[in-house]
1. Using alpha-carbon pairs under 8 Å, 6+ residues apart, how would you state the relative contact order of the chain in percent?
2. So what's the back-of-envelope 222 nm ellipticity for the chain, counting only DSSP H runs of four-plus at -39500 (n - 2.57) apiece and dividing by all residues, rounded to 500?
3. Counting other Cβ atoms within 10 Å, keep those with at most 16, restrict to DSSP loop, and tell me which trypsin sites (Lys or Arg not before Pro) in segment 66-100 are left.
4. What are the ³J(HN,Hα) couplings of segment 117-124, residue after residue, when phi is run through the Karplus curve with 6.51, -1.76, 1.60 and θ = phi - 60°? Round to Hz, x for glycine and proline.
5. Between Asp46 and Glu72, what FRET efficiency follows from the Cβ-Cβ distance if R0 is 30 Å, with the result rounded to 0.05?
6. Using the alpha-carbon atoms, what tilt in degrees (0 to 90, nearest 10) does helix 40-50 show relative to the longest principal axis of the chain?
7. With each pseudo-label sitting 7 Å past Cα toward Cβ, what's the Ser39-His112 distance in nm, one decimal?
8. Taking R0 as 25 Å, what's the FRET efficiency between Phe122 and Val94 from their Cβ-Cβ distance, rounded to 0.05?
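Every read-out reported here was derived from the displayed coordinates using simple, explicitly stated rules and does not represent laboratory data. Bear in mind that the values here come from a model prediction, so they are computed numbers and not experimental data. Please note: Cβ atoms are built from the backbone with ideal geometry, for glycine as well, and neighbour counts cover all protein chains shown.
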Amino acid sequence: MERDEWAARYFEIVAAGYAAQPPPPASSAGSHKGRRKQSKAKNLLDTLLGRAEQVLALLDDLRIPFTNNQAERDLRWAKVQQKISGTFRSVTGVAAFCRIRSYLSTMHKQGHPMLSALTAVFHGQPLPLAWAPE
């Protein structure tokens, strides 16, 4: 399928979702002030329609990650370490842990194997960062 066909199919599915949505139930309290609460499904459909170009961008560039939670995954290691040992013992320990994890995360994002990156550091020759000035 070509991009236009995928996009047409995407909008057909969103339209089918809207068609399957029942209208919100009438308020049993008589006079209801303000807007009625939308269902979670309706909110999802509104988001998928409003951000269609962002969703369909995945068809144009396969390097775009499907999720945007890489930063959350990077921070998760600190929470796991904290959970295992209860806490960090010093601010220096936290700084060292974060620096090591940051280096490993950057090397992984640049396509370097983590073991090679660590080995290079222990030999005093850390791998250069792609954005580092020479």
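1. 14
2. -19500 deg cm²/dmol
3. Arg89
4. Once θ is set to phi - 60°, the couplings for segment 117-124 become 5, 5, 4, 4, 5, 5, 8, x Hz.
5. Working: r = 24 Å, r/R0 = 0.81.
FRET efficiency, Asp46 to Glu72: 0.80.
6. 80
7. 5.1
8. 0.70
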